[in-house]
1. Can you sort Tyr67, Tyr92 by how many other beta carbons sit within 10 Å, fewest first?
2. Return the distance in nm (one decimal) between the two label points of a simple spin-label model at Gln195 and Lys49, each offset 7 Å from Cα along Cα→Cβ.
3. When N is the residue count of the chain, what does its C-alpha Rg come to as a fraction of 2.2 N^0.38 Å?
4. Not counting the cut sites, what is the longest span of the chain without GluC sites (Glu not before Pro) that DSSP labels loop and that have at most 10 other Cβ atoms within 10 Å?
5. Please list, in chain and number order, the residues 5+ apart from Cys41 or on another chain whose amide H is under 5 Å from its amide H, with Hs placed from the backbone.
6. Would you order Thr198, Thr418 from fewest to most other beta-carbon atoms within 10 Å of each residue's own beta-carbon?
7. Taking 20 Å as the cut-off for C-alpha to C-alpha distance, list the pairs among Lys56/Lys103; Lys89/Lys164; Lys103/Lys429; Lys20/Lys118 that go past it.
8. When the chain is treated as a GNM, springs tying every alpha-carbon pair under 10 Å, which of Arg368, Arg219, Arg187 comes out with the largest mean-square fluctuation?
Amino acid sequence: MNLREFASNSTQLMAKISEKDASKEQLPKVLGVAWDPSSDCFRLSCTPKIYSIITKRTVASTLASIYDPMGWLLPLLHRAKVFLQYLWKEGYDWDTPLSQVHKESWMHIYSEMEGFTKNLPRFLCTKHTECILVTFADASVEAIATSIYLQSQTSTCLLIARGKLPSVKTTPTMPKMELDAVTLALRVTNATLSQLRTVLRIPKVFILSDSEIVLSWIRRRPLNNVGIRIFNRLMEIGSITQHLQVSGHRILFGHISSQHNAADCATRGLTQKELVDHFWWTGPLNLRNPPETWSTTFHEFDHDSSPEGEMSKASKDFKERTEDTESSPEQRQVLMARKDELDLFHYLQKYSLRNAKRIVAIILRYIRILVCRINARRQHPIKLSSPLEGVSGNNQAKISGTEIAIAGKILIKQHQLTTITPPILRSLKHLNIK
């Protein structure tokens, strides 16, 4: 069978392809995204399914039915995601119908999403063109988000966007959330550049945020005067920046006002009417000015990454200072390994799980046989632990299934004893683990 379903934006090429081999669809899908060959544009649409009975399950199903791999519809889906998180906070079961008030709220959110359509140009620029990558980062009480734009000599267009809702268990401060947004921006920028550097020349990368506190942290790098969370984020930002600089990209951080921050709408949400002509798709008007004038607009600065030795020294000094602080035992437990528990099976890590369980089963059988022989000569017998007591005497050379199952349980238990710290256990109290 020959390859079929060919589609192209070139009419000359399509004229040379036989009718039986050409695609019959007017909007064929490219990796799940509808594409219009005649206009060479991606066709974005949002037509989620509506259910007669509104529950938490149907709300989650509606969100999952909207395919958005590049995050282009992030502002449109934001309010729906926040609403689903709100249902979790309210304690709804999966199939419990929502109250009338919550049902009306969901129908209002649904009406603001349903029916959205937008054409997004597929072609950005030719290969090996010199471009600039501009990344925006923003945070609100409801979410953090980042959006990346590629600026060429002819246009500026949205490439990719990512967002994340905060945990329902914690309430971080806004500066910390803004720092998380910048960290997310660096991660997505690094992933994007790894795909673009072979086809485009990108000498400059701008990371823009509207948080002056976060930019001050990045500029001054107070590695020894902050908490654990801020310290880890600043270390990661420095590490990614240093990696990108070694790869030949100049990383510039800068400040942008909230009304010009393209990622702002992804943390607050937009209706379908607002999103159609929003600068979310092309970036703010400032990006249309020549890059030489951006210094007065963004007040950018270079991130002079610390050498590896200096970063390691800062990390060591910070950990030593934290471990010496008697008033914060939980912080010490996060940084330190479990010194009070010995990993008995550390040397089994080089084996597969199947082989490790067989080795432990043989060791347990040896212990059980040895204890039985000793108890035969003792007035007060040695008592085996409950897992070993459940195994009856087995004189066969082959390891039984029961012995392998018990060995697997002991491996898991030992791993939990050595890796799960008290702060982690306290965070799992709501699961009623015993």
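Only the coordinates and a few stated rules stand behind these numbers; no lab work does. Everything quoted here is computed from the prediction, not taken from an experiment. Note that we place each Cβ from the backbone using ideal geometry, even for glycine, and neighbour counts take in every protein chain shown.
1. Tyr67, Tyr92
2. So the label points at Gln195 and Lys49 sit 2.8 nm apart.
3. 1.30
4. Between the exposed loop sites, the longest stretch runs 20-325.
5. Those qualifying (amide H under 5 Å, at least 5 residues apart or on another chain) are Asp36, Arg122.
6. Thr198, Thr418
7. Checking Cα-Cα distances, Lys103/Lys429; Lys20/Lys118 exceed 20 Å.
8. Arg368
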